[in-house]
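Here is the structure we will look at, set down as structure tokens.
Only the coordinates and a few stated rules stand behind these numbers; no lab work does. What you see is a predicted model, and the numbers here were worked out from it, not measured in a lab. As a convention, Cβ positions derive from the backbone with ideal geometry for all residues, glycine included, and neighbour counts pool all protein chains shown.
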Amino acid sequence: MKNLNIEKKAKSLYFFIFITLVPVIGVIIIFSNVFLHVQDDIEFVTHELKGLKAISQIEKTIFNIQKLRGLSCIKTPNEESTQNLKIFKDNILKDLMALKRNLLTIEKNTPLRSELLQYIDKVKDIPLESVGYEYLTNIIKEFMLFSNHIAYNCKLILDSDLSSYVLIDNVVYLLPELIEYSGEIRALASSIDGDALTTEQKEQILIQQDKIKEKLSKLNYNKLFIMNENEDKVLFEQSYKNIIETQNKVIEFTKEKLLKDDKINLESNDIYTLITNDIDSIISLYNSNLKRLNSNLEKKLEKSKENSVVVFFVGLISVLFIIFINKMFYYKNREYIDKIEELTITDSMTSLYNRRYFDEVFDIFLKIQQRTKQTAVFIIIDIDYFKQYNDTYGHQAGDVAIKTVAKHLKNSLKRAGDMAFRLGGEEFGILCTEESKSQVLSFADSIIKK
């Protein structure tokens, strides 16, 4: 019966959907969590790269301000120093504008971003070449403080990779501070013009020297971690060695030439140039650390993006695989079930439905017809004089007679939902629907004639 078969198939389909959905939902939950974790990594590294870009621009601005500070301290600048003073001033203005553009990539509406933009606008309007050593030093320290805040805000300081973390320490803190201490010595030393340094200036230089020694010790310690990750260890180690030697020369120079009590017979412009060459070598190391750190973060970002794609497709393939396997199992299982059902609900001799199946579906048939407002019809059929026929012609002839009747019954069915049964030895039944009583009688009469 069509409606009954539909109900059975619907139940079987619901079961298939259930046993498929449970593992599929499990796989989706697992891979969704992994995918979200990878997306967090992508977002984390993206923030790091944005922060690093802003920090590198801040440091570039600071380096130019430091040089301008040193030049502005020279009492009698030569032509080259005067020309460089103008160049650094123009460079600082360009750096500040570039920094404002970089800040647009950092998360909006944060107090840090707002404060830094306001401070940039303030510095732009200051005549930097004439404000003096202390004022410029405070500007530098303020920018360095902003750089540190960005490192926290953009999660640079939270990087879990040891090599990247050490490089971040070098780029954000160690090397900029080392450059600033040397820059302060340069500015103080450039302020003399054939005279001895004041006691206060000497104390300041001694303080900066102690700070430089402390930073050099930390730099040498950081170098050990970076060496293990660096592809060109020899070149990288030589760069660190040169920096340490250069800084020791600065310390030795200030000790032998600047901190003596007698007059200093050095020209301010020459002092500025000499120390600037040493500082430029530190800036060169800073740039190489910055480049390597940026490369590390970009590789990490690319790796995370690749992992994101892999997780997505592996998850998708896993879901499709589960659906495919369950579908194969469902259809194969359905095939076996249908075969077993067919064997248990049909009569082996006539291939009609058997009495067991009739008892099973009769009540269901009535309920379906009641629900669909159709007229339920039950026709019962008996072969007349079958016992005498069987006794006269034998069981084989009787079997042929039963098969022939069964064939005509099956061929008489009009609709897919009509069903024919063998209820007993020579008893048969039909369940069907008709529009009226006359149609039922006409259908029954056609069966008798066949």
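Positive-end ranking of Ser182, Asn222, Ser164 along the dipole of the stretch 2-315, with charges on Cβ about the Cα centre, is headed by Ser164. Computed about the Cα centre, the dipole magnitude for the stretch 2-315 is approximately 1640 debye when only Lys and Arg (+1) and Asp and Glu (-1) carry charge, each at its Cβ. Using a simple spin-label model with pseudo-atoms 7 Å out from Cα toward Cβ, Glu43 and Leu104 lie 2.4 nm apart.
Arrange Ile345, Ile74, Ile168 by Cβ neighbour counts within 10 Å, fewest through most, would you? Mind showing how you got there, number by number?
Values: Ile345 16, Ile74 21, Ile168 25.
In increasing order of surrounding Cβ atoms, one gets Ile345, Ile74, Ile168.
Comparing Leu320, Leu162, Leu423 in a Gaussian network model of the chain where C-alpha atoms under 10 Å apart are linked, the largest mean-square fluctuation is found at Leu423.
Straightening the chain between Glu360 and Phe321 buys 10.2 nm, computed as 0.36 nm per residue apart minus the Cα-Cα spacing.
Loop only by DSSP, 12 or fewer other Cβ within 10 Å of the Cβ. Give me the trypsin sites (Lys or Arg not before Pro) in the stretch 344-427 that pass, ordered by residue number. If you can, show how the numbers build up before the last one.
Details: sites: Arg355, Arg356, Lys367, Arg371, Lys373, Lys387, Lys403, Lys407, Lys410, Lys414, Arg415, Arg422; in loops: Lys373, Lys414, Arg415.
Passing sites in the stretch 344-427 are Lys373, Lys414, Arg415.
Placing +1 on each Lys and Arg Cβ and -1 on each Asp and Glu Cβ, with no other charges, gives the stretch 349-449 a dipole about its Cα centre of roughly 400 debye. Taking Ala151, Ala187, Ala98 as the candidate residues, the one with maximal mean-square fluctuation in a Gaussian network model of the chain, Cα springs under 10 Å, is Ala98.
Which pairs, out of Lys86/Lys300; Lys50/Lys124; Lys141/Lys291; Lys367/Lys387; Lys53/Lys211; Lys141/Lys255, put more than 31 Å between their alpha-carbon atoms? Don't skip to the end; give the middle numbers.
Details: Lys86/Lys300 41 Å; Lys50/Lys124 23 Å; Lys141/Lys291 24 Å; Lys367/Lys387 36 Å; Lys53/Lys211 27 Å; Lys141/Lys255 26 Å.
Beyond 31 Å: Lys86/Lys300; Lys367/Lys387.
Pick out, from Val361, Gly394, Ile379, the residue whose Cα sits farthest towards the positive end of the charge dipole of the stretch 354-395, with +1 on the Cβ of Lys and Arg and -1 on the Cβ of Asp and Glu. Ranked along the dipole, the leading option is Val361. Along the axis of the charge dipole computed for the chain (Cβ charges of +1 for Lys and Arg, -1 for Asp and Glu, origin at the Cα centre), the listed residues Leu258, Leu52, Leu274 are led at the positive end by Leu52. Once the C-beta distance of Ile29 and Leu162 is scaled by a Förster radius of 25 Å, the resulting FRET efficiency is 0.15 to the nearest 0.05.
Note on Asp391 and His408: the model spin-label points, each 7 Å out from Cα along the C-beta direction, lie 2.4 nm apart.
On the principal axes of its alpha carbon atoms, the chain extends 150, 44, 29 Å, with the longest extent given first. Across the chain, where is the longest run that never hits GluC sites (Glu not before Pro) in a DSSP loop with at most 14 other C-beta atoms within 10 Å? With GluC sites (Glu not before Pro) excluded where exposed in loops, the chain gives 232-434 as its longest stretch. Of all the options Ser348, Ser163, Ser56, the one that moves most in a Gaussian network model of the chain with Cα springs shorter than 10 angstrom is Ser348.
Using the Cβ atoms and a cut-off under 12 Å, what net charge is assigned to the surroundings of Tyr385, where Lys and Arg are +1 and Asp and Glu are -1? So the surrounding residues net to -3.
Taking R0 as 60 Å, what's the FRET efficiency between Tyr133 and Val314 from their Cβ-Cβ distance, rounded to 0.05?
Values: r = 61 Å, r/R0 = 1.02.
Computed FRET efficiency for Tyr133 and Val314: 0.45.
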